[in-house]
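The values are calculated or read from the model by the stated rules, or taken from the named source; none is laboratory data. Source: prediction; values computed, not measured. Every residue, glycine as well, gets a Cβ built from its backbone with ideal geometry; the counts of neighbours run over all protein chains shown. With ligands, DNA and RNA removed, areas are computed over all heavy atoms of the protein, side chains included. Shrake-Rupley method; radii C 1.70, N 1.55, O 1.52, S 1.80 Å.
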Amino acid sequence: MKKLPKDFVFGGATAAYQAEGATKEGNKGRVAWDTYLEKEGKFLAEPASDFYHKYPIDLALSEQFGINGIRISVAWSRIFPEGYGTPNQEGIDFYHRLFKECRKRHVEPFVTLHHFDTPEVLHCNGDFLNRDNIEHFVNYAIFCFKEFQEDVRYWVTFNEIWPVSSGQYLVGKFPPGIRFDYGKLVQSMHNMMLAHAKTVIAFKALKIKGEIGVIHSLEYKYPYENKQENTFAAKKDDTLSNTFLLEATFNGGYSAETLDIIQFILRANNASVDIKKEDLELLKHASDKNDFLGINYYQSNFIQNYSGENEIFHNGTGEKGTSVFRLKGVGEHKFDMDIPRTDWDWLIYPKGLYDMMVRIKKEYPNYKKIYVTENGMGYKDEFKDGVIDDEPRIDYIRQHLEAIHQAIEDGVIVKGYFLWSLMDVFSWSNGYNKRYGLFYVDFDTQERYPKKSAYWYKIVAQTREIK
Ligand code: BGP
């Protein structure tokens with residue numbers, strides 16, 4: 001029998017912009033996404049799941065379904081509408097009410113300070129490419145630590161530095177929609193890591209009760225068809241999206257090999273990055289202070305050697321088989337292996353999660369502990385008279401919990417799992433047809449309906465047995 005440990009958190013994950021809706025309520029400041037989505041004209045993050053008003057229902061459901069942890073993000077622009085300056089009391093009051101409700105329902109809040117939603121004023125000002133914004137972020141974080149210290153024990157600085165930076169400057173599906181700018185991509189990742197390091201140092205200096213960490217999206221990179229000629233391509237892809245950030249987090253700087261590969265990729269794309277000596281001192285100072293690492297894991301990639309130009313087609317509609325991902329100087333993602341994948345071409349490969357966790361333990365022995373902070377399956381759920389049979393999602397979760405169980409057996413310290421997502425939410429580049437939740441949301445009426453997976457998850461959470 002596969003049983004998860006006693007203190008294991010069975011959670012659900014959300015993010016402010018994807019769940020709250022109410023983008024114009026409570027004196028909230030605008031975020032770059034508002035303008036970007038309005039211009040695109042396909043969908044808005046409104047009403048999303050109306051979590052701004054419906055959170056008592058979602059938390060009551062959480063308690064009822066055995067969920068004892070929730071990832072919530074604070075919208076920076078509710079606290080500081082322009083990113084800095086005078087705090088907005090309505091925003092502060094909202095999060096106090098929300099965190100109190102979590103306590104009432106015995107659902108531990110794991111709170112992220114930045115989940116892709118920099119206030120528009122700062123975003124227009126260069127977002128994290130502008131080093132002044134690092135200071136604004138740290139000040140905002142310190143404000144939150146002090147303000148919410150009574151109810152929040154677990155803090156996360158950033159959600160997914162690689163996906164947000166690549167979404168903004170490589171794939172171009174996130175505002176400001178820039179494509180193939182490797183200089184901006186790497187600079188953004190580096191600067192966000194500086195903001196993370198400064199925030200962690202400030203948190204520890206304040207002696208705030210609780211823990212702090214960062215969440216990285218970590219996709220394992222395997223050479224396609226296990227062929228030697230593809231090994232270097234996989235290595236380059238891994239360095240760019242995983243190792244660069246992991247070394248900044250835990251080693252406090254970049255190894256010579258990592259810098260060589262990054263420079264190689266930058267040269268191939270006529271780009272450069274500015275890494276200062278004092279940056280590395282800062283990273284070093286923070287590297288042993290992370291209390292945990294959050295891993296978001298959905299898929300792994302199989303990489304083939306590639307010597308052509310940059311070419312990406314982002315499958316944002318769920319039309320299976322349309323994805324193209326070829327990076328100049330890096331490699332090409334292949335999708336034609338005999339591995340199941342979602343309609344959005346995300347390969348379902350739980351072994352990648354196991355391999356990644358074992359790698360963290362081996363290569364970053366100062367990691368302390370891991371939470372799997374996101375994992376889940378985008379699916380076009382069918383609603384039949386209030387019944388949602390999402391068996392494929394149950395299979396997906398089961399397989400990933402088994403991978404976690406195996407990693408724990410093999411000595412990795414893993415303390416919890418947060419399913420993306422708690423209820424159906426708005427999806428950044430897919431809108432509303434890509435559902436992930438345990439609770440189905442009728443976006444017209446905002447009614448919630450537990451899916452088959454919610455009933456299954458409840459039993460797993462109660463018994464800790466993976467069935
Ligand atoms: C992660 C993000 C989440 C969520 C999830 C699913 O990268 O942290 O915010 O969106 O991916 O992604 P998508 O909605 O694009 O399927």
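Here are the numbers for this structure:
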| item | result |
| --- | --- |
| Filter result for THR463 (more than 15 Å from the ligand (Cβ to nearest atom) and farther than 23 Å from ILE57 by Cβ) | yes |
| Flag if ARG326 is touching a Phe, Trp or Tyr at 6+ places or on another chain (Cβ under 8 Å) and open to solvent by 40 Å² or more (accessible area, probe 1.4 Å) | yes |
| Count of the stretch 247-263 residues which are surrounded by 16 or more Cβ atoms within 10 Å (Cβ to Cβ) and closer than 19 Å to ALA233 by Cβ | 4 |
| Filtered residue count, the stretch 350-363, keeping only those that are open to solvent by 10 Å² or more (accessible area, probe 1.4 Å), within 11 Å of TYR297 (Cα to Cα) and touching a strand residue (DSSP E or B) at 6+ places or on another chain (Cβ under 9 Å) | 0 |
| Among residues of the stretch 364-412, those that are of a type in the set (Asp, Glu) and closer than 25 Å to ILE161 by Cβ, counted | 1 |
| Criterion (under 22 Å from PRO176 (Cβ atoms), in contact with a Gly (Cβ under 6 Å, 6 or more places away or on another chain) and touching a residue at least 24 places away in the same chain (Cβ under 8 Å)) met by exactly one of PHE43, PHE116, PHE137 | PHE43 |
| Hey, ASP395 within 16 Å of the ligand (Cβ to nearest atom) and either open to solvent by less than 20 Å² (accessible area, probe 1.4 Å) or under 28 Å from LYS369 (Cβ atoms) (or both) or not | no |
| Subset of the stretch 203-237 (residues that are of a type in the set (A, V, I, L, M, F, W, C), within 30 Å of ARG153 (Cα to Cα) and open to solvent by 10 Å² or more (accessible area, probe 1.4 Å)) | ALA205, LEU206, ILE208 |
| Close pairs (6 angstrom Cβ cut-off, 6 or more residues apart or separate chains): closer than 17 Å to ILE397 by Cβ and away from the ligand (no atom under 11 Å from the Cβ) in the stretch 429-443, open to solvent by less than 20 Å² (accessible area, probe 1.4 Å) and among the hydroxyl-bearing types (Ser, Thr, Tyr) anywhere | GLY437/SER421; LEU438/SER453; LEU438/TYR457 |
| Test: residue in the stretch 165-175 that is within 16 Å of the ligand (Cβ to nearest atom), on the phi < 0 side of the Ramachandran plot and open to solvent by 50 Å² or more (accessible area, probe 1.4 Å) | yes |
| Whichever residue in the stretch 105-162 is within 17 Å of ASP93 (Cα to Cα), of a type outside the set (A, V, I, L, M) and part of a loop (DSSP other than H, G, I, E, B) and, among such residues, is farthest from the ligand (Cβ to nearest atom) | GLU150 |
| Residue in the stretch 221-235 that is in contact with a Lys or Arg (Cβ under 9 Å, 6 or more places away or on another chain), part of a strand (DSSP E or B) and closer than 22 Å to HIS333 by Cα present | yes |
| Single condition TYR455 does not satisfy, out of (1) open to solvent by 60 Å² or more (accessible area, probe 1.4 Å); (2) part of a loop (DSSP other than H, G, I, E, B); (3) of a type in the set (Phe, Trp, Tyr) | (2) |
